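Structure first, then comments.
The values are calculated or read from the model by the stated rules, or taken from the named source; none is laboratory data. Just so we're clear, the structure is a prediction, and the values are computed from it rather than from any experiment. Cβ atoms come from the backbone with ideal geometry, glycine included; neighbour counts cover every protein chain shown. For accessibility, only protein heavy atoms count, side chains too; no ligands or nucleic acids. Shrake-Rupley method; radii C 1.70, N 1.55, O 1.52, S 1.80 Å.
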Amino acid sequence: MESSVTAEKARQAITLFRNAVNLIRLLQRSAIPRWSDGLTTWFSDKRPPDDRDETPFYNDAELERYREARVWLKRSIELNPYFPDAYLLLGNAFAEIDSDFDTMLAYYDKALALDPDNDEFHNARMAHYLTTGRLNLALDDLLHLERLQSGYAESMREHYESAVECGEK
């Protein structure tokens with residue numbers, strides 16, 4: 001990764017990242033009531049009508065604003081490609097907006113290449129691996145979390161063992 005990151009570019013990257021974070025937080029806060037309604041319906045015996053999304057995350061205007069935040073994150077990385085948090089958040093944005101988990105994982109991997117001992121990054125990736133049944137890859141992240149003595153390790157060990165147990169049945 002060849003780059004000439006100046007102090008000015010790094011400051012601009014941080015500003016863009018911060019703007020994206022703030023916008024995404026606002027969008028998520030506005031969507032929480034819809035998420036809660038969707039989750040309540042999901043866990044109840046009463047099912048939503050077939051023509052309704054079970055968990056409508058964002059309306060069209062919110063999606064457009066989220067895509068704008070994603071552009072800011074990409075620009076932040078262009079200015080400073082050594083900013084691992086921007087890669088993680090960009091990966092989350094691809095997953096949340098487009099359900100593009102392959103791109104999400106590619107960005108997670110870039111974040112981890114820059115900051116290989118970041119327990120939050122390993123935790124996020126491991127959660128995805130558990131959700132998709134990729135237990136061998138989840139175990140790699142779990143072992144790394146345990147080596148780091150991460151606060152996430154104990155609960156992720158429980159999730160991993162539960163996933164293994166479910167797979168054996």
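Summary table
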| item | result |
| --- | --- |
| Nearest-10 value in Å² for the accessible area of PHE101, using the 1.4 Å probe | 90 |
| Gain on full stretching of the segment that runs from ILE32 to ALA113 - 0.36 nm per residue minus C-alpha separation | 25.9 nm |
| Rounded percent of accessible protein surface that carbon and sulfur make up, region 89-147, 1.4 Å probe | 48 |
| Listed residues ARG70, ARG147 arranged by accessible area, highest first, probe 1.4 Å | ARG147, ARG70 |
| Whole-Å semi-axes of the ellipsoid equivalent to region 85-169 (Cα gyration tensor, √5λ, descending) | 21, 16, 9 |
| Residue-normalised accessible area of region 63-158, given per residue in Å² at a 1.4 Å probe | 50 |
| Selected from PRO81, TYR107, LEU139, residue furthest toward positive end of dipole (region 68-169; charges at beta carbon) | PRO81 |
| Accessible heavy-atom area order of LYS9, LYS110, highest first, probe of 1.4 Å | LYS110, LYS9 |
